Amino acid sequence: MPYDAPGHADELTDELRARWNETIARAFASQKDALKKRFFTLDAGELRNPFSTDAIKWPGDPGKPAFCVGEANAQALSDWGLTGRRAVQLEYCEYMVLTARDATGALRPKRVEITTEFREFWACVAMHDPDKVRAMATDVLGAEPSWRELYGVADPHALSAEEREIAFGHTCAGHGNDRRLRVAGVPAQPTGRLNMQRALFMTHPINGIDDLIYVAIFGAHAYCVAPRDERRQAGGDDVFSAFKVTHLACNHADPTISLGVYDLVYQARGAQVAFQNPLGMYIREPNLDVFSHDGGRVPDDWVRFSRGRPGSYMRLEFGPPDDHEAFLDDITLSLGASEQPLTGGYQLLRELEIGPLMQAGEAEPIAEDEWELLEPAPGTIACDDAESCRAVRDLLVRYEAERQGREAPRTMPEPPKP
Amino acid sequence: MAALQEGIYHAPGRRPGRHFAALFLRVLPGVGARAAAAALGDLWEMLQDLKGGRVRDLPGVGLTVDQDDMTVLLGFGRNAFALDGVGLRRPRGLADEYLFRSADPAGGGPLLRGSGLSYAPVVSANMATEAFCVQVIAESKLAVDRAVVETWKVLSDASEPALELTTFYLGNQRNDHRSWIDFHDGLSNLRSEDREGVIAIGPGTDEPWAVGGTYLAFLRIAVDLPGWRRLSRADQELAVGRDKLSGCPIVDAGGDGPRVDPGCPVAGTQIWESANDAQFSEPPEVSDPLVRASHVQRANHHIRPASDSGSRRIFRQGYEFLEWADTRSPGGSQGTGCGPGFRAGLNFVSFQDTPARLLKMLTAGGWLGGANFGGDEAKLPELASLLSVFAAGVYFVPPVVDGEPFPGAAALGAAIAARPPVEPGSTARPDPTITGGAPAPPA
């Protein structure tokens with residue numbers, strides 16, 4: 001299994017590459033065997049006559065809150081600093097808005113930092129090569145962080161690899177739903193400032209490679225429905241209802257991945273699908289013509305893609321540099337007949353598309369006994385039902401309470417689970 | 001129970017009628033929502049009568065309309081929600097960010113920032129932005145023409161005029177499944193099972209009264225035929241993404257010219273016949289960048305599920321038009337050189353649960369963003385000015401709700417008593433009765 005560093009952003013030693021591939025393999029191995037069919041392979045090299053698909057991508061803005069509380073509230077929640085990031089930024093894309101004071105002393109948004117980098121990759125490097133991870137962080141942050149900021153200790157080299165993983169989890173990466181880390185007391189989200197005040201890489205467990213692999217292999221099946229004894233392709237409602245995972249239908253990323261993979265399998269009557277090397281989550285380049293500053297194009301150095309190559313970037317910093325007097329909300333976003341100031345990350349994410357690079361190859365036709373006949377869904381999945389929206393609605397109550405200066409409940413609602 | 005209005009031919013096997021009219025209705029100054037509702041109620045009733053073969057000026061005369069299969073659809077524009085006394089706030093899909101930009105008062109101007117589409121230089125006012133629009137579709141031209149004339153009559157006969165017909169656009173479908181650029185059109189429309197999920201506003205919105213409705217986008221687009229015909233066949237095919245004769249999708253640019261799948265179309269069929277639906281109607285994903293830049297590839301990235309607005313799938317229902325125009329004078333054609341003395345183009349009509357689908361398709365990078373039509377526009381300037389817009393509008397199409405005298409009546413803030421249906425042949429013209437009261441949530 002030959003996966004390089006995501007986005008080819010980093011040169012990996014053979015050993016580090018092996019460790020990264022072990023991480024991926026573990027995430028795959030942790031999935032239920034019943035989900036694993038021959039229509040998905042972890043090794044893109046196995047594909048016969050492979051072709052790349054550009055169909056598995058989605059808008060980066062959080063979909064679920066818009067279903068539950070409408071777009072305006074979704075924007076408010078998503079742009080609600082670290083709270084918003086940790087609660088609703090669940091589309092394999094996280095961001096932080098950096099602020100600064102203007103000449104009047106008012107705090108204003110300066111730049112948006114968007115990352116689609118997997119925590120598992122950073123944690124893997126941090127575990128096995130502290131110098132490497134510090135170099136990566138320096139490159140991203142623009143200044144070299146201390147060991148204590150990265151690991152919470154003065155010298156991570158003195159720790160074992162497992163101790164480094166735990167230490168890095170505490171300060172920068174969180175536990176990512178990894179049982180070993182949870183048992184070791186690593187919190188779900190990191191406590192260090194590097195990945196709280198900045199968007200160093202994704203930290204929410206839902207934005208991890210195990211979830212990505214799960215939704216991909218969930219789609220890599222020969223599903224069908226046959227309402228009048230005529231076999232046809234199942235729809236999203238059919239697939240997610242049949243397996244009682246209707247929550248997967250209610251965001252952008254999960255249904256796009258699952259149904260995109262399924263579409264490749266079904267339409268080719270048996271294609272085999274894999275993540276293209278390197279496995280990563282990539283930002284497609286937006287149309288910058290919709291942004292303007294002072295009536296002209298946004299300067300090139302206000303749009304900084306990094307951590308990858310053209311077509312496979314995983315990081316975007318958008319907004320004026322520190323030494324420029326302008327602020328993010330001096331940028332105008334032209335949408336339809338409106339001109340609106342760019343005030344946060346949500347507006348920007350709506351202009352971006354996110355997704356992994358995937359490939360499909362020829363395979364044996366689907367055999368009769370491989371078809372999985374599903375019952376047609378009884379109806380359209382309601383993504384605004386009270387139960388699945390409870391966490392988002394509770395969050396909105398907290399947000400409004402805070403905005404109105406009232407005392408808000410101090411408990412953090414659990415975000416929706418996939 | 002809310003349901004989509006008629007006139008959206010999304011059900012399997014249903015084909016829209018051959019003839020089309022889009023009528024745009026302005027609310028006269030000083031007229032509020034209640035009076036506009038009364039006028040719309042009267043208009044709606046007249047149009048329903050027309051479907052049944054009854055014309056108000058011909059009492060007792062039954063017209064032969066069996067073959068017309070006429071449908072009528074009513075849309076509400078942004079201005080409808082600005083009327084005094086309106087019962088509902090402007091729906092989200094009519095927010096400014098989902099509307100087209102205005103034409104430049106001096107003529108022309110971009111349709112959207114980030115799009116390569118512009119208004120024609122002769123267009124200084126966009127006529128498709130009125131408070132209401134009515135779409136009429138029928139199998140006969142007479143039926144849609146008559147709807148236009150009868151609309152004028154009913155509005156001008158009103159004792160207290162509230163609405164006026166400001167403009168209308170006509171179109172027709174071609175039975176060769178092609179457009180004026182000679183290529184097949186409309187082949188890769190949505191799979192039938194995906195359509196309702198794309199068209200209908202579903203639950204999961206804080207505007208429950210809009211559920212079951214949809215948004216109509218209308219673009220009157222003219223084609224620079226002289227410019228188009230200057231291109232070679234190969235350049236045209238790479239711009240469209242299909243073979244000019246067979247309609248089969250181009251799979252690579254090829255050294256000797258664009259290539260298609262050798263199995264396309266299925267032997268003994270035309271590309272638009274159902275035998276090709278599964279394999280060839282929808283262009284496959286391709287890797288050749290020249291083909292990826294073509295119109296059909298830019299407009300559809302094959303993203304699933306279609307019900308997610310991120311797929312940018314829309315349901316299209318377009319009608320060609322041809323009209324006389326003074327295009328022979330220098331600059332009369334929207335491209336270069338003299339025009340043919342007429343204007344040919346497309347009444348682009350699409351239905352979607354949010355206009356964002358269409359607007360993002362037209363502006364997003366890698367999609368149609370920055371492109372006028374598609375193809376290699378940097379190398380072929382004819383393509384960069386192939387299309388020009390003569391009118392553009394976005395309308396909310398309210399659902400049909402039991403008890404409402406016309407779709408969207410509640411949005412205008414007045415409960416209007418439902419009346420018994422008029423018997424065939426009756427000459428009765430009961431006036432709509434405004435009973436007052438707003439059953440809908442406050443604006």
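The values are calculated or read from the model by the stated rules, or taken from the named source; none is laboratory data. Quick caveat, the model's predicted, so the values are computed rather than measured. When we count neighbours, we look across all protein chains shown, and the Cβ atoms used for this are built from the backbone with ideal geometry, even at glycine.
Details
- Within the range B:303-322, considering residues that are within 26 Å of B:Arg178 (Cβ to Cβ) and in contact with a Leu (Cβ under 7 Å, 6 or more places away or on another chain), the one farthest from the other protein chains (Cβ to nearest Cβ): B:Glu320
- Note on the range A:1-58: among residues that are over 22 Å from the mean Cα position of the chain (by Cα) and small (Gly, Ala, Ser), the one that is farthest from A:Ala135 (Cα to Cα) is A:Ala34.
- Of all residues in the range A:232-245 being more than 12 Å from chain B (Cβ to nearest Cβ) and of a type outside the set (Gly, Ala, Ser), the one that is surrounded by the fewest Cβ atoms within 10 Å (Cβ to Cβ): A:Lys244
- Scope the range A:284-304; condition more than 12 Å from chain B (Cβ to nearest Cβ) and of a type outside the set (A, V, I, L, M, F, W, C); matching residues: A:His293, A:Asp294, A:Gly296, A:Pro299, A:Asp300, A:Asp301, A:Arg304
- Scan of the range B:363-410 for residues that are closer than 29 Å to B:Trp324 by Cα, among the aromatic types (Phe, Trp, Tyr) and more than 17 Å from the chain's Cα centre (by Cα), ordered by number: B:Phe373
- Any hit, the range A:28-35, residues being within 14 Å of another protein chain (Cβ to nearest Cβ) and modelled with pLDDT of 95 or more: no
- Members of the range A:257-283 found to be within 11 Å of chain B (Cβ to nearest Cβ) and surrounded by fewer than 21 Cβ atoms within 10 Å (Cβ to Cβ), listed by number: A:Gln267, A:Ala268, A:Arg269
- Within the range B:147-174, considering residues that are farther than 26 Å from B:Gly30 by Cβ and small (Gly, Ala, Ser), the one surrounded by the most Cβ atoms within 10 Å (Cβ to Cβ): B:Ala147
- Number of the exception - B:Glu6 against (1) assigned to a helix (DSSP H, G or I); (2) among the acidic types (Asp, Glu); (3) under 17 Å from the mean Cα position of the chain (by Cα): (1)
- Condition met for B:Arg292 (out of contact with any strand residue (DSSP E or B) (no Cβ under 8 Å at 6 or more places or on another chain), within 14 Å of another protein chain (Cβ to nearest Cβ) and not small (Gly, Ala, Ser)): yes
- Any hit, the range B:309-316, residues being at pLDDT below 95, assigned by TED's automatic domain parsing to the domain that holds B:Leu359 and outside any helix (DSSP H, G or I): no
- Of the strands (runs of 3 or more DSSP E) lying entirely inside the range A:307-387, those carrying at least 2 residues that are farther than 26 Å from B:Asp96 by Cβ and more than 28 Å from the chain's Cα centre (by Cα) are A:372-374.
- Filter result for A:Ala74 (buried (at least 19 other Cβ atoms within 10 Å of the Cβ), closer than 20 Å to A:Pro341 by Cβ and within 14 Å of chain B (Cβ to nearest Cβ)): yes
- Among the criteria (1) farther than 30 Å from A:Arg232 by Cβ; (2) within 14 Å of another protein chain (Cβ to nearest Cβ); (3) of a type in the set (Asp, Glu), the one B:Glu164 does not fulfil is (2).
- If you go through the range A:368-386 and keep only what is surrounded by 12 or more Cβ atoms within 10 Å (Cβ to Cβ) and within 14 Å of another protein chain (Cβ to nearest Cβ), you end up with A:Leu374, A:Pro376, A:Ala377, A:Thr380, A:Ile381, A:Ala382, A:Cys383, A:Asp384, A:Asp385.
- Which listed residue is within 30 Å of A:Arg85 (Cβ to Cβ) and part of a helix (DSSP H, G or I), from A:Asp210, A:Asp263, A:Asp238: A:Asp210
- Scanning the range B:48-63 for residues that are surrounded by fewer than 22 Cβ atoms within 10 Å (Cβ to Cβ), in contact (Cβ under 8 Å) with a residue 40 or more places away in the chain and of a type in the set (A, V, I, L, M, F, W, C) yields one hit, B:Val55.
- Extreme residue, nearest to B:Tyr395 (Cα to Cα), among residues of the range B:203-214 that are out of contact with any Phe, Trp or Tyr (no Cβ under 6 Å at 6 or more places or on another chain) and modelled with pLDDT of 90 or more: B:Gly213
- A single entry from B:Asp182, B:Asp235, B:Asp194 fulfils the requirement of being closer than 30 Å to B:Trp324 by Cβ, in contact (Cβ under 8 Å) with a residue 60 or more places away in the chain and crowded, with 18+ Cβ neighbours inside 10 Å: B:Asp235.
- Top-ranked residue of the range B:4-37 - restricted to ones that are at pLDDT below 95 and small (Gly, Ala, Ser), ranked as nearest to B:Ala411 (Cα to Cα): B:Ala11
- Enumeration of residues in the range A:79-95 that are in contact with a helix residue (DSSP H, G or I) (Cβ under 9 Å, 6 or more places away or on another chain) and not charged (D, E, K, R): A:Trp80, A:Thr83, A:Gly84, A:Ala87, A:Val88, A:Gln89, A:Leu90, A:Tyr92, A:Cys93, A:Tyr95
- Inspection of the range A:216-227 finds a residue satisfying the criterion of being closer than 30 Å to A:Glu368 by Cβ, assigned to a strand (DSSP E or B) and more than 10 Å from every other protein chain (Cβ to nearest Cβ).
- Residue in the range A:106-117 that is buried (at least 24 other Cβ atoms within 10 Å of the Cβ), within 14 Å of chain B (Cβ to nearest Cβ), part of a loop (DSSP other than H, G, I, E, B) and β-branched (Val, Ile, Thr) present: no
- The residues listed here are A:Phe240, A:Phe218; of these, the one that is closer than 21 Å to A:Val273 by Cα, in contact with a His (Cβ under 9 Å, 6 or more places away or on another chain) and touching a residue at least 60 places away in the same chain (Cβ under 8 Å) is A:Phe240.
- Candidate set from the range A:49-71 (those that are more than 8 Å from chain B (Cβ to nearest Cβ) and over 21 Å from A:Ile354 (Cβ atoms)); member that is surrounded by the fewest Cβ atoms within 10 Å (Cβ to Cβ): A:Asn49
- Enumeration of residues in the range A:241-260 that are farther than 18 Å from A:Lys32 by Cα and part of a loop (DSSP other than H, G, I, E, B): A:Cys250, A:Asn251, A:His252
- Only one of the numbered conditions (1) within 13 Å of chain A (Cβ to nearest Cβ); (2) under 28 Å from B:Ile137 (Cβ atoms); (3) in contact with a strand residue (DSSP E or B) (Cβ under 9 Å, 6 or more places away or on another chain); (4) of a type outside the set (S, T, N, Q) is not met by B:Asp96, and that is (2).
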